[in-house]
Amino acid sequence: MLSQKMTDYLNQQINLEMYSSNLYLQMGSWCAYKGLDGCANFLIKHADEEMGHMRRLLAYVNETGSLATLGAIEAPETSFNSVGDIFQKTYKHEQLVTSKINELVHLAHAEKDYATLQFLQWYIAEQHQEEFLFKGILDKIEIIGTDGQGMFFIDREIGELATKKGMEATTMTSPDNADIAV
Ligand code: FEO
């Protein structure tokens, strides 16, 4: 049984994960519009992962007998200066998501809600991976650069990450929750 405060916080996280999905979908759409197919594939695939994060939360709230609720989702921005701008923003956004997961963990501790604390362990590990992933992309952009042919190589590298990320997500997932792996 969740407290009302915990239910509210988890529902806010559901909303944030849906916003994350829309944000990455929009960014992927911008990349496709600019002919950057590798970046587009990566971001659109990542948008699917965010929906998986949302569904995992939704299932947990419902399992506790509380009501998962879907609120209005803020529209993401639609224009970006560059691929560097996009990935700076993804990294910053993931840091925000991490801070929100940490708030949930603090609340679960404070309320001695050990079931939710256990549930949140997956998100703690996932956020570590998410920040690592986006920081790695920023490093690649910094090293290779986006001038001239650099943009071609960046797009190819990021497109390849879409496949690798799927493999990491599979190997990171424990057998207990493999059915909802994303
Ligand atoms: Fe669901 Fe990328 O955090």
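The values are calculated or read from the model by the stated rules, or taken from the named source; none is laboratory data. Note that the structure is predicted; figures quoted are calculated from it, not measured. Note: ideal-geometry Cβ built from the backbone for every residue, glycine included; neighbour counts use all protein chains shown.
General remarks:
- Annotation: of all residues in the range 102-117 being assigned to a helix (DSSP H, G or I) and in contact (Cβ under 8 Å) with a residue 60 or more places away in the chain, the one that is farthest from Met6 (Cα to Cα) is Glu103.
To keep it simple, each residue is scored yes or no on (1) more than 16 Å from the ligand (Cβ to nearest atom); (2) in a helix (DSSP H, G or I); (3) of a type outside the set (Phe, Trp, Tyr); (4) in contact with a helix residue (DSSP H, G or I) (Cβ under 6 Å, 6 or more places away or on another chain).
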| position | (1), (2), (3), (4) |
| --- | --- |
| Asp8 | yes, yes, yes, no |
| Ile14 | no, yes, yes, yes |
| Met18 | no, yes, yes, yes |
| Tyr24 | no, yes, no, yes |
| Ser29 | yes, yes, yes, no |
| Ala40 | yes, yes, yes, yes |
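- Qualifying residue in the range 91-98 (condition: over 25 Å from Ala40 (Cα atoms) and of a type outside the set (Gly, Ala, Ser)): no
- Output for the range 46-101, where each listed residue is more than 13 Å from the ligand (Cβ to nearest atom), outside any loop (DSSP other than H, G, I, E, B) and without any contact (Cβ under 8 Å) to a residue 40 or more places away in the chain: Asn62, Glu63, Asp85
- Residue check, Glu131 modelled with pLDDT of 95 or more, among the acidic types (Asp, Glu), within 13 Å of the ligand (Cβ to nearest atom) and surrounded by 17 or more Cβ atoms within 10 Å (Cβ to Cβ): no
- If you go through the range 118-128 and pick out every residue that is away from the ligand (no atom under 12 Å from the Cβ) and over 17 Å from Lys5 (Cα atoms), you end up with 2.
- Cβ-Cβ contacts under 7 Å between residues 6 or more apart (or on different chains), taken from a first residue in the range 118-140 that is farther than 17 Å from Ser20 by Cβ to a second residue that is more than 9 Å from the ligand (Cβ to nearest atom) and of a type in the set (Asp, Glu), are listed as Lys140/Glu157.
- Residue in the range 134-160 that is nearest to the ligand (Cβ to nearest atom), counting only those that are assigned to a helix (DSSP H, G or I) and β-branched (Val, Ile, Thr): Ile137
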